[in-house]
1. Go through the residues of the range 548-559 one by one and say whether even a single one is under 30 Å from ASN83 (Cα atoms), in a strand (DSSP E or B) and touching a helix residue (DSSP H, G or I) at 6+ places or on another chain (Cβ under 7 Å).
2. Condition first: small (Gly, Ala, Ser) and in a helix (DSSP H, G or I). Can you find one or more residues in the range 331-344 that meet it?
3. State whether the residues of the range 207-228 include one that is surrounded by 15 or more Cβ atoms within 10 Å (Cβ to Cβ), out of contact with any helix residue (DSSP H, G or I) (no Cβ under 7 Å at 6 or more places or on another chain), under 29 Å from ARG245 (Cα atoms) and touching a residue at least 24 places away in the same chain (Cβ under 8 Å).
4. What pairs come out if I take residues in the range 502-519 that are among the β-branched types (Val, Ile, Thr) and pair them with residues that are crowded, with 19+ Cβ neighbours inside 10 Å whose C-beta lies under 9 Å away, six or more apart or interchain?
5. Look through the range 63-118, keep the residues that are of a type in the set (Val, Ile, Thr) and closer than 17 Å to THR155 by Cα, and return whichever of them is nearest to the chain's Cα centre (by Cα).
6. Considering each residue of the range 82-133, count those that are assigned to a helix (DSSP H, G or I) and closer than 20 Å to ARG592 by Cα, and give that number.
7. Given the structure, is SER64 out of contact with any Leu (no Cβ under 7 Å at 6 or more places or on another chain), without any contact (Cβ under 8 Å) to a residue 40 or more places away in the chain and either under 14 Å from LYS143 (Cβ atoms) or surrounded by fewer than 17 Cβ atoms within 10 Å (Cβ to Cβ) (or both)?
8. Quick check on the range 234-264: of everything there that is touching a strand residue (DSSP E or B) at 6+ places or on another chain (Cβ under 6 Å) and small (Gly, Ala, Ser), which residue is surrounded by the most Cβ atoms within 10 Å (Cβ to Cβ)?
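The values are calculated or read from the model by the stated rules, or taken from the named source; none is laboratory data. This structure is a prediction, so every number in the text was calculated from the model and none was measured. Glycine also receives a Cβ, built like all others from the backbone with ideal geometry; neighbour counts cover every protein chain displayed.
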Amino acid sequence: MAQGPTEAMVRCCRPFLVVLGFVLVSLAPASVEARDSGVCSTGAITCLEQGWNEKERSWWYSTSQGSRLLPLSWALALEQSANTAGFFSEDNFSRYGYLPSPPGDGNPHGLPVGFAVDQDDSSKADLMCERFPETCNAFVMRKPWVGMTCSACHTNDIVFEGKTIRVEGAPTLADFQGLLEGLLDALVMTHDDDAKFDRFARAVLQADLSVESRRSLRLQLAEQIAWQTLLQQRNGREFRSGFGRLDAQGHILNKVAIIGGGPELEDALKSDAPSSYPFIWNTSQQDKVQWNGIARNILNLSILGKQTDIGALVRNTSEVIGVFAHVEISPKWKSGLLGYRSSLRAAEMIDLERQLARLKSPRWPEDILPKIDWTKAERGQVHFEAECAQCHEKLAWDDTRTPIKAKMSSLLSSGTDMSLACNTFMHQANAGNYEGRRPFMIQGEPIDSPDFTRNMLTNAAVGAVIGKVDELAGKFFDDVFDQAFFWRRAAEEAVDGKTYLPGVKDQRKKELARACLTSPEATREPDESVLVYKARPLNGIWATAPYLHNGSVPTLYDLLLPSPLRLVLDSEEEMSTPGPGDRPSVFHVGSREFDPVRIGFKTGPEPVHQAADGRITAPFEYRVYDTDGAPVPGNYNSGHEYGTDALSEAEKWELVEYLKTL
């Protein structure tokens, strides 16, 4: 397996890396000190001490990474499909679980937390013009656009007895899938309803309103509708993620396949393996990131006094590609050595990553939440060291420097839901413009058609970074992802007499599970495989519910209970049915009301939002089993039962008390 760069490689490459760093640092924005949020100064929200001040927090919320969802003028004018209220209004976005952010120097339009304005008024912004010809012809690409930044997915509020606590870096409870579906409905209704379109056109075009400009605007709407429709068709609308989850890797892989221009592959995998948004404090300290450890932090250099991690840059590029960045995989320059044109903001992504590296984990606020029983927590520490510490290294809440080597567990040993890891490993697509190119530009086997989409993702991410930095930079990105993983092929499934996904009725899912879990990748050492899940330090874990990688367990106490589900059974075994002492198999997600006893959010069916027009938003009903009693792949709550079954009821509560202190 490819290893990280050796000291000799670093010495050899240092002159180039210094030049590369100079280019990136010289482009970095210097506007952090110019913005003031007011999020915490109003008194309505309590912000915990996590190492950031108000200005840094505001900059984190509103700095573009190059994501482009809609032109800003469209976003400000777009109405909801069912009424004339603004789609981007605070009231509407609250329905989807996104947090309001007060207007200020960094947010003059009052956009929600994590929705940023991006603009490039040069010809370099004219991207994907084959997909959006009228939009490019009208020079709309050069106007301000609204997109998402990392804070939209990694900021959350906790509510307890009427008080709100802001937690930076925590997983959001937003409904990304619902937001995109609502947006598409609003665009379609605006295009089709003459009265809506007239109001929209007047607001967008203003003094430029004319017969010709209205005709052009309707064509632009049609282009955006076709694009959003294609994305949703590839990702699938049948499997519901609900609040607090997103199949991010599936969305990224499908987006990468689409921008390659190839036709959809028959029986292509949909986005049906949603994961909980990870908490992201201490991210820069970890050797592997993502739930399945697919990306690595590889080379952290001090350049002109600033730390720049090349692996983090490419990892973040992959994520921004998944959330609306414009990228052109040009049919020209087949080698890709000159990189790809894109809307990515490399300098801003570097500075965002640097600020994230200073984020401390949140401490349990005893002035708001019930006070910790420290005597009980001391007894819980004994259980933690006996049952948990071998995988979850202890880290102080304010330690932002100690390197963290992730502990990886194979799918079969952990027993948790396999869908995320297996879908990422098995996902294939027609290559389109990627065909014949190498995943790492100058290394790797040429991409076939069809081929594994992970190879195309690597090519797109590395190419987009090169296109922003330097044509030679590709030589230094070879170790960002595990090269051996991206070159490996899934072997033919073995016939072993075992039952895969027992109880599941979807035969295609069972066949996918067999192919994945019997592949050589599944039996590799955990540190050398991607059919694994990652354990990490648990500092701040109290603020990150729901739990497990797919959000299938609502509270920390429930995590200490068993699950009857199993990924694989021998032919003579039978699967148990859920009982009263097992993890909950049905619960509701979306409430921010905190449960300080079991440690998580309230799981009842009460509405999570009432809109100004009276519409009620219900919480998402998470079901481990469908209404017929069959397990739902993607929603398994199995696994992570290492030793906890040996704890008594009193000892489990002691362990929960200790977890509050981390």
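1. No, the range 548-559 contains no residue that is under 30 Å from ASN83 (Cα atoms), in a strand (DSSP E or B) and touching a helix residue (DSSP H, G or I) at 6+ places or on another chain (Cβ under 7 Å).
2. No, that holds for no residue.
3. Checked against the condition, which is being surrounded by 15 or more Cβ atoms within 10 Å (Cβ to Cβ), out of contact with any helix residue (DSSP H, G or I) (no Cβ under 7 Å at 6 or more places or on another chain), under 29 Å from ARG245 (Cα atoms) and touching a residue at least 24 places away in the same chain (Cβ under 8 Å), the range 207-228 yields at least one hit.
4. VAL504/ALA513; VAL504/PRO631; VAL504/VAL632; VAL504/PRO633; THR518/TYR500
5. Among those residues, the one meeting the criterion is VAL113.
6. 6
7. Considered against the rule, which asks whether it is out of contact with any Leu (no Cβ under 7 Å at 6 or more places or on another chain), without any contact (Cβ under 8 Å) to a residue 40 or more places away in the chain and either under 14 Å from LYS143 (Cβ atoms) or surrounded by fewer than 17 Cβ atoms within 10 Å (Cβ to Cβ) (or both), SER64 comes out as no.
8. ALA257
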